[in-house]
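Student: Could you have a look at this structure, given as structure tokens, before my questions?
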Amino acid sequence: MLAPRGVLTVSELTSVVKEILEGGFSSVTVEGEITGLRSTSGKHLYFSLKDETCLLKAVWFSWASRSDKPPAEGQQVRITGRLTVYEAQGVYQLVVTSLEAVGLGDLLARLERLKKSLEAEGLFDPSRKRALPPYPSVIGLVTSPTGAAVQDMLRIFQTTGLPAVIRVFPVAVQGTEAPGQIAAMVRYAGTRQLADVLVVGRGGGSVEDLLAFSDERVVRAIAECTLPVISAVGHEIDSPLCDFAADWRAPTPTAAAELLSRSWMAVDQNLAQLRSDLEAGIQGRLDRARLTLADYRSDRLRESFQRVLQPYYQRFDFAKDSLKQAWTDRVTDLKRRVELSRSTLEALNPYAVLERGYALVTDTEGKAVQAASGLIKGQALNLRFHDGRTRVQVEEVLDEEL
């Protein structure tokens with residue numbers, strides 16, 4: 001079909017594209033990985049197929065034939081359907097008529113390709129790995145809050161008496177939302193430094209069940225985390241890709257809890273041994289002392305002890321009396337000096353003279369008049385007596401000397 005010429009509306013162009021696509025791809029089989037899986041009220045399934053470079057939208061309507069086991073996020077599948085255009089959004093999509101899992105071999109091959117790609121970037125380089133803190137005070141568990149794994153780890157921590165704060169960062173560990181939640185929570189805890197070490201994990205399961213921990217987002221989040229990370233996924237034989245990016249790989253969640261408790265348990269054991277050795281040493285000395293003192297009567301020991309203490313008691317009494325006498329003499333001397341100072345101050349107090357009938361003469365500015373030669377007739381003066389003040393005026397200045 002030739003493309004129409006002239007100016008078209010959006011609807012007209014979309015209709016032409018739809019006709020071309022649906023006519024040319026009425027039946028097509030595509031292989032890829034399911035991502036973004038979601039459903040509407042448990043009926044229609046919406047998802048995308050992806051490979052290394054491209055993404056294709058797909059819809060599986062409820063009336064199409066389906067197997068008993070629904071598809072899962074991250075599953076490698078082979079889909080048969082027809083291409084159509086969803087005109088409301090102007091996007092093309094694959095309407096699924098049948099779906100089959102590609103198989104475990106294909107899934108493992110895809111994981112191996114991803115592993116080599118991430119390894120080539122240096123995400124698994126041993127030189128990037130950090131040592132675990134020997135005595136963590138805050139331990140973060142990125143796992144399902146209701147799974148058996150978290151219960152097993154908490155039981156180990158409680159049994160060993162681990163003196164640390166345990167913070168559970170709840171995430172889904174399986175299904176569509178799991179990779180995004182795990183990656184986001186690892187970054188959240190690392191950015192805010194909410195723990196001394198993180199344990200990322202879950203209990204065992206099939207390869208498909210553990211796919212979330214091989215997701216590229218999770219692997220990168222763990223590799224970039226600023227906190228030391230322990231990967232504790234599944235059983236000892238399971239090796240998701242997050243094992244290679246983590247700073248330490250524990251074969252099981254229980255093993256991770258035991259690893260973090262080991263240093264504290266060693267401290268408790270050392271303290272218990274030291275206590276036992278100390279008690280044994282003290283008991284031995286007590287036993288030897290009892291044997292040494294067995295021949296001495298208590299009254300003789302008391303008398304000897306008093307003889308040793310007698311000169312110290314006397315020296316103490318003499319020192320106490322001397323100190324008291326020195327303190328008394330010092331206080332008496334201070335009182336005498338204070339009395340002498342008070343008498344001297346009273347003798348120098350100009351206002352004390354006023355009580356003997358003298359007066360203090362000042363000019364109107366409050367300056368003391370010390371000689372008659374500086375006065376002039378008619379000048380106003382202030383006279384200060386011991387019981388008040390008065391103002392006078394100079395009528396005559398007499399030149400006399402006492």
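Student: Do the conditions hold for F213, that is, is it in contact with a Pro (Cβ under 7 Å, 6 or more places away or on another chain), without any contact (Cβ under 8 Å) to a residue 60 or more places away in the chain, of a type in the set (F, W, Y) and assigned by TED's automatic domain parsing to the domain that holds W248?
Tutor: Against the criterion (in contact with a Pro (Cβ under 7 Å, 6 or more places away or on another chain), without any contact (Cβ under 8 Å) to a residue 60 or more places away in the chain, of a type in the set (F, W, Y) and assigned by TED's automatic domain parsing to the domain that holds W248), F213 qualifies.
Student: If I filter segment 61-79 down to residues being crowded, with 17+ Cβ neighbours inside 10 Å and under 14 Å from T29 (Cα atoms), which single residue comes out as modelled with the highest pLDDT?
Tutor: Looking at the filtered set, the residue picked out is I79.
Student: Search segment 174-185 for residues that are outside the structural domain of D209 (by TED's automatic domain parsing) and pair each with any residue that is surrounded by fewer than 19 Cβ atoms within 10 Å (Cβ to Cβ) and in a loop (DSSP other than H, G, I, E, B) when their beta-carbon atoms are under 8 Å apart and the residues are at least 6 apart or on different chains.
Tutor: From segment 174-185, no pairs qualify.
Let's see how each residue does on (1) within 30 Å of E208 (Cα to Cα); (2) among the basic types (K, R); (3) at pLDDT 90 or above; (4) under 19 Å from the mean Cα position of the chain (by Cα):
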site: S137; (1), (2), (3), (4): no, no, yes, yes
site: G140; (1), (2), (3), (4): yes, no, yes, yes
site: S144; (1), (2), (3), (4): yes, no, yes, no
site: D152; (1), (2), (3), (4): yes, no, yes, no
site: G161; (1), (2), (3), (4): no, no, no, no
site: V165; (1), (2), (3), (4): no, no, yes, yes
site: A172; (1), (2), (3), (4): yes, no, yes, no
site: T176; (1), (2), (3), (4): yes, no, no, no
site: G180; (1), (2), (3), (4): yes, no, yes, no
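Student: Looking at (1) of a type in the set (F, W, Y); (2) more than 30 Å from A289 (Cα to Cα); (3) modelled with pLDDT under 85, find the lone condition where W327 falls short.
Tutor: (3)
Student: Let me ask you something else. Among the numbered criteria (1) over 21 Å from G74 (Cα atoms); (2) of a type in the set (A, V, I, L, M, F, W, C); (3) crowded, with 21+ Cβ neighbours inside 10 Å, which one does V171 miss?
Tutor: (1)
Student: Follow-up question, since we're still on this one. Check segment 235-252 and report whether any residue there is in contact with a Gly (Cβ under 6 Å, 6 or more places away or on another chain) and crowded, with 18+ Cβ neighbours inside 10 Å.
Tutor: Scanning segment 235-252, I find no residue that is in contact with a Gly (Cβ under 6 Å, 6 or more places away or on another chain) and crowded, with 18+ Cβ neighbours inside 10 Å, so the answer is no.
Student: Taking V361 as meeting all but one of (1) under 60 Å from the mean Cα position of the chain (by Cα); (2) not in a helix (DSSP H, G or I), write down the number of the exception.
Tutor: (1)
Student: Would you mind finding the one in A280, A266, A256 that is at pLDDT below 80, out of contact with any Gly (no Cβ under 6 Å at 6 or more places or on another chain) and in a helix (DSSP H, G or I)?
Tutor: Result of the check over A280, A266, A256: A266.
Student: Next question. For A149, work out the one condition from (1) small (G, A, S); (2) free of Cβ contacts under 8 Å to residues at least 40 places away in the same chain; (3) closer than 22 Å to R217 by Cβ it doesn't fulfil.
Tutor: (2)
Student: Hey, any hits in segment 181-198 for a residue that's of a type in the set (G, A, S), touching a strand residue (DSSP E or B) at 6+ places or on another chain (Cβ under 9 Å) and over 17 Å from L141 (Cβ atoms)? Talk me through it step by step, then tell me what you get.
Tutor: Just the residues of segment 181-198 that are of a type in the set (G, A, S), to begin with: 183-184, 189-190, 195.
Narrowing further to those that are touching a strand residue (DSSP E or B) at 6+ places or on another chain (Cβ under 9 Å): 189-190, 195.
Remaining after also requiring over 17 Å from L141 (Cβ atoms): none.
Within segment 181-198, none of the residues are of a type in the set (G, A, S), touching a strand residue (DSSP E or B) at 6+ places or on another chain (Cβ under 9 Å) and over 17 Å from L141 (Cβ atoms).
Student: May I pose another question? With the condition kept exactly as written, say whether any residue in segment 110-118 is surrounded by 16 or more Cβ atoms within 10 Å (Cβ to Cβ), more than 30 Å from L83 (Cα to Cα) and of a type outside the set (D, E, K, R).
Tutor: Checked against the condition, which is being surrounded by 16 or more Cβ atoms within 10 Å (Cβ to Cβ), more than 30 Å from L83 (Cα to Cα) and of a type outside the set (D, E, K, R), segment 110-118 yields at least one hit.
Student: Determine whether Q310 is assigned to a loop (DSSP other than H, G, I, E, B) and more than 60 Å from the chain's Cα centre (by Cα).
Tutor: No: the conditions fail for Q310.
The values are calculated or read from the model by the stated rules, or taken from the named source; none is laboratory data. Every value quoted in this text rests on a predicted model; they were computed, and no experiment measured them. Neighbour counts are summed over all protein chains in view; Cβ atoms, including those assigned to glycine, are modelled from backbone coordinates with ideal geometry.
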